[in-house]
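Notes for the one structure printed next.
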Amino acid sequence: MENLPEPEKRRRVRRPPYSRLDSFVRLFLGPADRTGSETPVVHRHDAAEDLSEKQLAGIEMMEDSEGHHYAVRRPTDET
């Protein structure tokens, strides 16, 4: 390194751990898109989400007297 006083050397070496990662991501993905913050985000369900919601509809969350949570399958009408 250059012939700098000791405090200057320390100041130049210390960087936030995310600074390189931030620069790397910005290089490949571009700057953050901050346009249209007033418009609501439209969320559309895909087939995988519909399937998982259908599976979770058959599960009921329970809580025992000690506060522990667990899941119980609801009985099905299939016979």
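The values are calculated or read from the model by the stated rules, or taken from the named source; none is laboratory data. Fair warning: this is a prediction, and the values are worked out from it, not measured in the lab. Counting neighbours? That spans all protein chains shown, and the Cβs are built from the backbone with ideal geometry, glycine included.
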Kindly list the number of the only condition in (1) part of a strand (DSSP E or B); (2) surrounded by 10 or more Cβ atoms within 10 Å (Cβ to Cβ) that fails for Y70. (2)
Total residues in the stretch 24-79, condition among the hydroxyl-bearing types (S, T, Y) and modelled with pLDDT of 85 or more: 3
Count of residues meeting criterion [surrounded by 10 or more Cβ atoms within 10 Å (Cβ to Cβ) and outside any helix (DSSP H, G or I)] in the stretch 46-61: 3
